[in-house]
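Enquirer: Attaching a single structure in structure tokens format; questions to follow.
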Amino acid sequence: MALKYTCEITINKPREEVVRLMDDPSNMKHWQPGFISLDHLSGTPGEKDAKSLLKYKMGKRDMEMTETIAERSLPDTFSAIYEAKNVWNQQVNRFTEVDANTTKWVSESELKMSGPMKLMAWLMPGMFKKQSQQYLAHFKAFAEEGKSLAK
């Protein structure tokens, strides 16, 4: 089953600053709930075709996924493929300058699922979009106000 959706948010910061904050892996803990670590696996870190292992704690569950950078055309576009057990997710992120101090972030996601995740996507498709939109909101709070999810 494939699920496609788009999320967007307007951030009251210049595009250059938004992209700099988003592109720095050390900031992930501030806006990605449950983020534990990013371990580089292959390729040039942060560049096209680079692979990294991302680790998260989701409630009582540990989750790992592999990130493969598909496109890096910053400050305009950053695209990556995330793979975990029973889930394949391609995310294309576009950053548009609204004005000198405002940035629009549009995130397009395509998910393909199997096993129990396929059932979850069928029963609750809106859950995935809601979670993605929350990530954008957490990033906005971090970028604009310095709010951090890090413990």
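The values are calculated or read from the model by the stated rules, or taken from the named source; none is laboratory data. Every value quoted in this text rests on a predicted model; they were computed, and no experiment measured them. Every residue, glycine as well, gets a Cβ built from its backbone with ideal geometry; the counts of neighbours run over all protein chains shown.
Enquirer: Which residues, counting only those in the range 1-15, are of a type in the set (D, E, K, R) and out of contact with any Asp or Glu (no Cβ under 9 Å at 6 or more places or on another chain)?
Expert: GLU8
Enquirer: Which one of these is more than 12 Å from the chain's Cα centre (by Cα) and either under 22 Å from HIS138 (Cα atoms) or free of Cβ contacts under 8 Å to residues at least 12 places away in the same chain (or both): LYS104, LYS112?
Expert: Among LYS104, LYS112, only LYS104 is more than 12 Å from the chain's Cα centre (by Cα) and either under 22 Å from HIS138 (Cα atoms) or free of Cβ contacts under 8 Å to residues at least 12 places away in the same chain (or both).
Enquirer: May I ask you to verify whether THR6 is among the hydroxyl-bearing types (Ser, Thr, Tyr), surrounded by fewer than 17 Cβ atoms within 10 Å (Cβ to Cβ) and either part of a loop (DSSP other than H, G, I, E, B) or touching a residue at least 60 places away in the same chain (Cβ under 8 Å) (or both)?
Expert: Against the criterion (among the hydroxyl-bearing types (Ser, Thr, Tyr), surrounded by fewer than 17 Cβ atoms within 10 Å (Cβ to Cβ) and either part of a loop (DSSP other than H, G, I, E, B) or touching a residue at least 60 places away in the same chain (Cβ under 8 Å) (or both)), THR6 qualifies.
Enquirer: Do we have GLY59 as in contact with a helix residue (DSSP H, G or I) (Cβ under 8 Å, 6 or more places away or on another chain) and modelled with pLDDT under 95 here?
Expert: Numbers: in contact with a helix residue (DSSP H, G or I) (Cβ under 8 Å, 6 or more places away or on another chain): no; modelled with pLDDT under 95: yes.
No; evaluated as a whole, the condition is false for this residue.
Enquirer: Here is a follow-up. What number goes with the only condition from (1) surrounded by 14 or more Cβ atoms within 10 Å (Cβ to Cβ); (2) farther than 18 Å from ILE36 by Cβ; (3) touching a residue at least 40 places away in the same chain (Cβ under 8 Å); (4) in contact with a strand residue (DSSP E or B) (Cβ under 9 Å, 6 or more places away or on another chain) that TYR135 does not pass?
Expert: If we test TYR135 against (1) surrounded by 14 or more Cβ atoms within 10 Å (Cβ to Cβ); (2) farther than 18 Å from ILE36 by Cβ; (3) touching a residue at least 40 places away in the same chain (Cβ under 8 Å); (4) in contact with a strand residue (DSSP E or B) (Cβ under 9 Å, 6 or more places away or on another chain), just (2) comes out false.
Residues checked against (1) of a type outside the set (Asp, Glu); (2) within 19 Å of ARG20 (Cα to Cα); (3) in contact with a Phe, Trp or Tyr (Cβ under 6 Å, 6 or more places away or on another chain):
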| site | (1), (2), (3) |
| --- | --- |
| LEU38 | yes, yes, no |
| SER42 | yes, no, no |
| MET58 | yes, no, no |
| VAL92 | yes, yes, no |
| GLN134 | yes, no, no |
| GLU145 | no, yes, no |
